[in-house]
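The values are calculated or read from the model by the stated rules, or taken from the named source; none is laboratory data. Keep in mind that what you see is a predicted model, and the values were worked out from it rather than measured. Glycine also receives a Cβ, built like all others from the backbone with ideal geometry; neighbour counts cover every protein chain displayed. All accessible areas refer to the heavy atoms of the entire protein, side chains included, with ligands and DNA or RNA removed. Shrake-Rupley method; radii C 1.70, N 1.55, O 1.52, S 1.80 Å.
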Amino acid sequence: MADSVQISSNGKTYSYPVVTGTENERGIDISRLRSDTGMITLDPGYGNTGSCKSAITYIDGDKGILRYRGIPIEEFEREPDFIEVAWMLIFGRLPNSTERERFGNRLTANAHLHESMKHTFEGFPTNAPPMAITSAMINTLGCFHSEFYSLTDEMQLEEVAARLISKIRTIAAFTYRRVNGLPYIYPDDKLRYCANMLHMMFSKPYEQYIADTEIEDALNLIFILHADHEQNCSTSTVRMVGSSKANLFASISAGVCALWGPLHGGANAEVLGMLEKIHDGGLTAEKYIELAKQKDSNVRLMGFGHRVYKHYDPRAKMLQKTCETVLKKLNRQDPLLDIARKLEELALADDYFVSRKLYPNVDFYSGIILRAIGIPINMFTVMFVIGRLPGWIAHWKEQHDDPTAKIARPRQIYTGPVNRHYVPINQR
Ligand code: SDX
């Protein structure tokens, strides 16, 4: 007999089916709850609420498991190929060699931006936050590719995905150049994905920046580890906006804005700010940990804790290893890494963190690697955008292709004034 739960209200009992996923996660389908009982559920932050069924990413927060289309993320570490993972997230399986080559060629052919877009960059003040520029430039990009405002077939989706994934690097690099008052460096079609981005960011008009293979691999892995994370805040935003049938550019631009927040994608930059504050002698690691435990201090141990992981974020473990590889390759000691390790050691031995199941998350080590590569703190979350873009596209497509999908429209419990009347201003 199909699994179900019963809810009783006002002497009546209602039965609701239980939906079981392929990893045996179970959810109560309450689609009929309001029409049956007149009641809704209330779950601020949606910690107990599933918004959809999805076949893209699986997380087991208690066991620290993260799988993309069923493949554990650890299996992408040996030969990290961000573009292959991007295609897999969007289309549901690893690409064969023909598909991988075709997608790669589409990316190479689409690295340039329309020359007119340079005027948009010039319209931003040099102190503009890079995330503000990035979200604006994605909608600007859509204006130059409006033939993709409505998508009808897989090849069209593959083309627009390639254009977005390729051009987001150029947008990021041009943003970096704009805020630093540097001339724009155009993409070099001979370079692979990550090397091309570093070239556009760091080359000089008279001297090309050549990325070490290990640095390229590190950046590929960072982008892979950020590529998707099921219904996180920014991905849910992309789905929410896409549910109104808004185009892919508008939906992605909204996702960028959600990711900007310091509790979400902005945390990687906050971690570096925290480490630098300790390093500059303002605070010791021990003192910072004590502050993070005090409710009224308004201080959190950034890069620690997670809505889903109540154990080690598997991405943090992999990024800690990459940290050491990159610093060794660059023959660099980074005192901030030592401070990060000290904070982790103190926190994992402190009941405040252990009892609340607060462990390092993806943001705790990523910033140290980005800084070692030479990427400034104000560009960290833009790097997160580049990584997360395939996941956003995959979720937008999954919802777009679902014939049962509806516009997202949560309900509320009203707590405002009841039955008041308008009073003319001379009587107030
Ligand atoms: C990302 O959702 C995703 O998948 C996101 C992400 C992705 O890939 O998309 O994984 C990327 O956003 C990672 C998270 C990056 N954010 C940070 O590192 C910011 C610091 N972390 C926190 O602010 C916090 O842990 C959250 C926001 C990540 C999660 O918050 P929760 O689950 O809502 O936890 P909570 O706020 O309910 O806190 C539970 C308790 C509270 O204490 P009590 O009220 O029980 O006494 O834990 C405390 C909190 O004060 N707490 C922390 C803490 N995180 C939670 N205390 C100190 N430092 C922290 N970092």
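(1) near the ligand (Cβ under 8 Å from one of its atoms); (2) over 14 Å from the mean Cα position of the chain (by Cα); (3) open to solvent by 40 Å² or more (accessible area, probe 1.4 Å): which one isn't true of Cys233, the others all being true? All conditions pass for Cys233, except number (2).
For (1) surrounded by 13 or more Cβ atoms within 10 Å (Cβ to Cβ); (2) more than 24 Å from Trp396 (Cα to Cα); (3) within 16 Å of the ligand (Cβ to nearest atom), each residue gets a yes or a no:
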position	(1), (2), (3)
Tyr14	yes, yes, no
Arg26	no, no, no
Ser31	no, no, no
Thr37	yes, yes, no
Ala55	no, no, no
Ile59	yes, no, yes
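Under the condition of being open to solvent by 40 Å² or more (accessible area, probe 1.4 Å) and not acidic (Asp, Glu), which residue from the stretch 377-399 is nearest to Arg178 (Cα to Cα)? Only one residue tops the list, namely Asn378. Looking across the stretch 303-316, just one residue is in a helix (DSSP H, G or I) and either modelled with pLDDT under 95 or of a type in the set (A, V, I, L, M, F, W, C) (or both), and that is Ala316. In the stretch 317-371, the qualifying residues are those that are outside any helix (DSSP H, G or I) and open to solvent by 70 Å² or more (accessible area, probe 1.4 Å), and the one that is nearest to the ligand (Cβ to nearest atom) is Arg356. Could we say that Asn419 is polar (S, T, N, Q) and touching a strand residue (DSSP E or B) at 6+ places or on another chain (Cβ under 7 Å) here? Taking the combined requirement at face value, the residue does not satisfy it.
Considering Glu75, Glu79, which residue is in a loop (DSSP other than H, G, I, E, B) and closer than 23 Å to Ala218 by Cα? The conditions single out Glu79. Can you find, within the stretch 92-116, the residue that is least open to solvent (accessible area, probe 1.4 Å) among those that are of a type in the set (Gly, Ala, Ser) and farther than 27 Å from Phe174 by Cα? My answer is Gly92. Could you check, for the stretch 174-184, whether at least one of its residues is surrounded by fewer than 16 Cβ atoms within 10 Å (Cβ to Cβ), farther than 30 Å from Glu25 by Cα, at pLDDT below 95 and out of contact with any strand residue (DSSP E or B) (no Cβ under 6 Å at 6 or more places or on another chain)? No: zero hits. Screening Leu66 on (1) surrounded by 14 or more Cβ atoms within 10 Å (Cβ to Cβ); (2) assigned to a helix (DSSP H, G or I) shows it passes everything except condition (2). Number of residues in the stretch 1-12 that are exposed (fewer than 10 other Cβ atoms within 10 Å of the Cβ) and part of a strand (DSSP E or B): the value is 3. Note on the stretch 266-302: residues that are more than 13 Å from the ligand (Cβ to nearest atom), assigned to a loop (DSSP other than H, G, I, E, B) and closer than 15 Å to Leu346 by Cα total 2.
Scanning the stretch 242-265 for residues that are open to solvent by 40 Å² or more (accessible area, probe 1.4 Å) and either assigned to a helix (DSSP H, G or I) or within 19 Å of Ile377 (Cβ to Cβ) (or both) returns Cys257, Trp260, Pro262, Leu263. Just checking, does the stretch 400-410 include any residue being part of a helix (DSSP H, G or I) and either open to solvent by 50 Å² or more (accessible area, probe 1.4 Å) or within 13 Å of the ligand (Cβ to nearest atom) (or both)? Yes: the stretch 400-410 contains one or more residues that are part of a helix (DSSP H, G or I) and either open to solvent by 50 Å² or more (accessible area, probe 1.4 Å) or within 13 Å of the ligand (Cβ to nearest atom) (or both).
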